[in-house]
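Novice: Would you mind keeping the following structure in view while I ask a few things?
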Amino acid sequence: MICLGIETTAHTFGAGVCDSGGNILSNEKDTYKPKAGWGLVPMDARKHHEDVAEDVVKDALEKAGKTMNDVDIIAVSQGPGLPPCLYAGMNFSVELAKKVRKPLIGVNHCIAHIEIGRLTTKLKDPVTLYVSGANTQIIAFTAGKYRIFGETQDIGIGNALDKFGREAGFEFPHGPKIEEEALKGKWIGMPYVVKGMDLSFSGIVTEATKKFRSGEKLEDVCYSLQESMFAMVTEVIERALAHTGKGEVLLTGGVAANKRLAAMVGTMCMERGAKSAVVPWEYCMDNAAMIAWAGVLAHKSGQKPINMKNAEILPRWRTDDVDTPWV
Ligand code: ATP
Ligand code: FE2
């Protein structure tokens, strides 16, 4: 069985192809870049996705050595995400699925991150840290569901980094630039906000901005910002490990590319005798191979295709609301 996946929850329009054996045949994308100093403008991102859709899908099929005739199912990220971006993906996918008369499977973006992570790292039953632009969640499978053990109460950790990055005059994406600056920096203090198992980042960004504006060195602010935010997530992961008794940690989402974060989580895991793994870069960022693979899993376990007369997007679809009979 061949699945074509379509991803459009935020900045990225992605198209990817995989087979039912978990072989990823292609993973193409085109990413919307906001103009300097701006964050994502949802309607501009939607326009971007609509403009590039056909070409990206064509590339994905070509790279996979397949044609639309070889595709058995189409999978689309149905949520969570920004409504205009989700509409772009859903409208495109519905039109395509109708044209080629193939079933369209709705996929939860967060679950897709976990499933491609399990596929590519071979971890079996991890506590997952999903850290991207909009999302910060600590997730583990218990009592029949992927459940959220801790999450941000305000902005995602990537957006927090990006917010400060805009302030510092970097170009998007700001995470890698902050990581580079932080290598030279030292600790100058930063708030640390863990509430039970939940996290809050927006106050830390305000404080980092204040410190930067009042003349503290950029590298020191970057270092302290990272140390504080990464220690917060590491603390919550450790408690999720202790609570669930699991022995593996999976790091995914764009922020998981950060070496300092991986090292901090790695050290904590080593001290507990647990394993940790970072999802390979290509499958860590928003991508469509993960949507294709999650589509295969859902379809094989009997998930009903989307009703194309009444296709819905689910902008606030929560990880713990998804049925995952394949796990
Ligand atoms: P979503 O939240 O829906 O998953 P997104 O497009 O915002 O979508 P990703 O593509 O997973 O998320 O990740 C983008 C984020 O990752 C940006 O906020 C970017 O700053 C951050 N990022 C990328 N590289 C690094 C890095 N080396 N260190 C820290 N953050 C990074
Ligand atoms: Fe994502």
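Where a number appears in this text, it was derived from the coordinates with a stated rule and is not lab data. These figures come from a predicted structure and were not determined experimentally. Here the Cβ positions follow ideal geometry from the backbone for every residue, glycine too, while neighbour counts run over all protein chains shown.
Novice: P(r) for segment 125-283: what percent of alpha-carbon pairs falls in each 5 Å bin, starting at zero?
Specialist: Going from the shortest bin to the longest, the percentages are 2, 10, 20, 23, 20, 14, 7, 4, 1, 0, 0.
Novice: A further question follows. Could you tell me the convex hull volume per residue, in Å³, taken over the Cα atoms of segment 32-117?
Specialist: Per residue, the Cα convex hull of segment 32-117 comes to 122 Å³.
Novice: Long-range amide H contacts for Leu199: which residues qualify at under 5 Å (H placed 1.01 Å from N, peptide plane, sequence gap of 5 or more or a different chain)?
Specialist: Glu151, Thr152, Gln153
Novice: Which order do the peptides 154-164, 66-76 come out in when sorted by mean C-beta neighbours inside 10 angstrom, highest first?
Specialist: 154-164, 66-76
Novice: Sticking with this structure for a sec: Placing +1 at every Lys and Arg Cβ and -1 at every Asp and Glu Cβ, with all other atoms neutral, what dipole size does segment 125-283 have around its Cα centre, in debye to the nearest 20?
Specialist: 180 debye
Novice: Looking at Gly165, Ile6, Ile105, which one has the Cα that reaches farthest to the positive end of the dipole of the chain (charges on Cβ: Lys, Arg +1; Asp, Glu -1)?
Specialist: In the chain, that residue is Ile105.
Novice: Here's something else I'd like to know. Quick one: net charge around Cys85, please, counting Lys, Arg +1 and Asp, Glu -1 for every other residue with C-beta under 11 Å from its C-beta.
Specialist: -2
Novice: Tell me the Kirkwood radius of the chain: reciprocal of the mean inverse pair distance over distinct alpha-carbon atoms, in Å.
Specialist: Taking the inverse mean of 1/r over all distinct Cα pairs, the chain comes out at 20.0 Å.
Novice: Loop only per DSSP, at most 14 neighbouring Cβ atoms within 10 Å: give me the trypsin sites (Lys or Arg not before Pro) in segment 183-221, ordered by residue number.
Specialist: Of the trypsin sites (Lys or Arg not before Pro), the ones in loops of segment 183-221 whose Cβ has at most 14 other Cβ atoms within 10 Å are Lys184, Lys186.
Novice: Which of the trypsin sites (Lys or Arg not before Pro) found in segment 266-327 are loop residues per DSSP with 14 or fewer other Cβ atoms within 10 Å of their Cβ?
Specialist: Arg316
Novice: Right, something else. Picking from Thr252, Thr267, Thr12, which is most flexible by a Gaussian network model of the chain using Cα springs under 10 Å?
Specialist: Highest fluctuation among the options: Thr267.
Novice: Going down the list Lys33/Lys102; Lys35/Lys163; Lys122/Lys246; Lys63/Lys259, which pairs span over 26 Å between their C-alpha atoms?
Specialist: Over 26 Å Cα-Cα: Lys33/Lys102; Lys63/Lys259.
Novice: Something else: Just going by the charge dipole of segment 125-283, with Lys and Arg at +1 and Asp and Glu at -1 on Cβ, which of Gly245, Thr209, Met264 is farthest out on the positive end?
Specialist: Gly245
Novice: Counting each DSSP H run of 4 or more residues in the chain as -39500 (n - 2.57), what helix-only mean residue ellipticity at 222 nm follows after dividing by all residues, to the nearest 500 deg cm²/dmol?
Specialist: Taking each H run of at least 4 residues, the total per residue is -14000 deg cm²/dmol.
Novice: For the chain, what is the charge dipole size about the Cα centre, in debye to the nearest 20, if Lys and Arg each add +1 at the Cβ and Asp and Glu each add -1 at the Cβ?
Specialist: Approximately 400 debye in magnitude.
Novice: Let me ask something else about it. In terms of modelled amide H atoms, which long-range or inter-chain residues lie less than 5 Å from the amide H of Arg147?
Specialist: So Arg147 has HN proximity to Ala140, Phe141, Thr142.
Novice: Same structure again: Mind checking which of Glu151, Glu238, Glu115 has the largest fluctuation in a GNM of the chain, springs on alpha carbons under 10 Å?
Specialist: Taking springs between Cα atoms under 10 Å, the residue moving most is Glu238.
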